[in-house]
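Step one of this worksheet: look at the structure below.
The values are calculated or read from the model by the stated rules, or taken from the named source; none is laboratory data. Everything quoted here is computed from the prediction, not taken from an experiment. Note that each Cβ is placed from the backbone with ideal geometry, even for glycine, and that neighbours are counted across all protein chains shown.
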Amino acid sequence: MTVSSGVRPFQLAALPNLSRSTVDRDEMLRQDADRLAAQWANASVVLVDRLGRTAVRAGGSSLALRPATEFGSEPPDDAVLLGEQDGVVYWAILAAQHTDGGDADADPAEVARRVWEAPPDTDKESWSDLRATGALLDDTSAGLFTTAVALLNWHRRARYCARCGAEVSRVLAGWATRCSGCGREEYPRTDPAVICLVHDDVGVNGEYVLLARQPIWPEGRYSVLAGFVEAGESLESCVVREIREEVGADVYDVRYLGSQPWPFPRSLMLGFAARASRSGDLVPSDDEIAEAHWVPRADVREAMRAGGRSEKLGLPGGSSIARLMLEAWADAEP
């Protein structure tokens with residue numbers, strides 16, 4: 001291994017886009033139903049449809065929030081608390097499917113939530129998902145949208161008790177559920193997953209990066225490798241195992257870079273860098289990897305200059321920590 005004097009290992013240049021947040025996640029506020037009810041009149045709501053999209057203001061940098069009073073005079077049972085900032089409390093609500101609104105006996109709060117699953121775009125706002133808009137949003141909006149999607153996804157998949165099978169109800173302003181049968185409390189789950197940028201062992205930061213394409217991705221699109229942490233496994237051991245399983249490479253010098261929530265539906269991506277030799281053959285896993293290649297830094301830089309896709313290479317989207325990892329590596333000296 002050749003080591004370049006004065007060159008430092010690359011680090012992420014900024015927080016991953018979905019790791020940004022400014023609201024206060026006040027645990028005591030979640031327990032204070034009276035305070036939440038008193039602040040409801042001035043609260044704001046992130047309305048999320050069943051495709052995981054919300055309304056974004058023209059220009060794409062902030063969410064088009066709804067006044068809480070559109071959903072009733074007090075927090076509805078299906079609202080989840082996101083946090084508080086500058087005296088404003090933020091909530092999220094899952095939008096219902098559109099109906100014709102012709103039921104005269106319908107609850108007003110329910111009628112207010114009857115919106116299109118695919119709301120039409122206007123000159124003031126458009127509906128977009130987190131993958132498409134996460135990198136464009138300001139820090140407050142990015143944090144609100146990420147938390148809203150994570151919590152609502154969990155509730156949609158956690159309607160029954162894992163112990164006795166009875167239905168559960170939401171408590172602590174949506175940050176827990178309580179079983180109607182046995183009383184068991186459950187809290188939002190997060191599944192840890194590692195994502196690792198592997199470079200070769202030339203110099204400090206290498207000259208080539210290991211990129212792979214999943215079978216469901218279009219031709220030419222590549223990313224770094226990732227996988228879920230198994231029970232009883234350390235993060236570093238997971239990195240070594242996943243890279244070996246997916247492409248047959250043995251990595252070493254595993255080091256931590258940063259993390260990002262990835263609520264699709266409930267992952268936490270833990271970013272690492274590692275080294276490997278280019279001397280061995282890459283053996284892509286039949287089930288998970290369509291192809292894998294060592295890509296020179298010049299090709300990654302060319303794709304970056306082209307906005308993320310060149311004739312040779314397509315890179316991950318801007319909302320993913322993978323893109324930030326590749327940008328940091330591409331900017332580094334070998």
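Couple of notes before you dig in:
- Exclusive hit being among the hydrophobic types (A, V, I, L, M, F, W, C) and more than 30 Å from MET269 (Cα to Cα), set ALA68, ALA79: ALA68
- Condition broken by ALA292, with the remaining ones in (1) over 24 Å from the mean Cα position of the chain (by Cα); (2) under 26 Å from VAL229 (Cα atoms); (3) without any contact (Cβ under 8 Å) to a residue 40 or more places away in the chain satisfied: (3)
- Considering (1) surrounded by 14 or more Cβ atoms within 10 Å (Cβ to Cβ); (2) free of Cβ contacts under 8 Å to residues at least 12 places away in the same chain, the lone condition that ARG20 does not fulfil carries the number (2).
- For segment 275-334, the set of residues classified as surrounded by fewer than 20 Cβ atoms within 10 Å (Cβ to Cβ), among the acidic types (Asp, Glu) and either outside the structural domain of ASP250 (by TED's automatic domain parsing) or not in a strand (DSSP E or B) (or both) consists of ASP281, ASP286, ASP287, GLU288, ASP299, GLU302, GLU311, ASP331, GLU333, listed by residue number.
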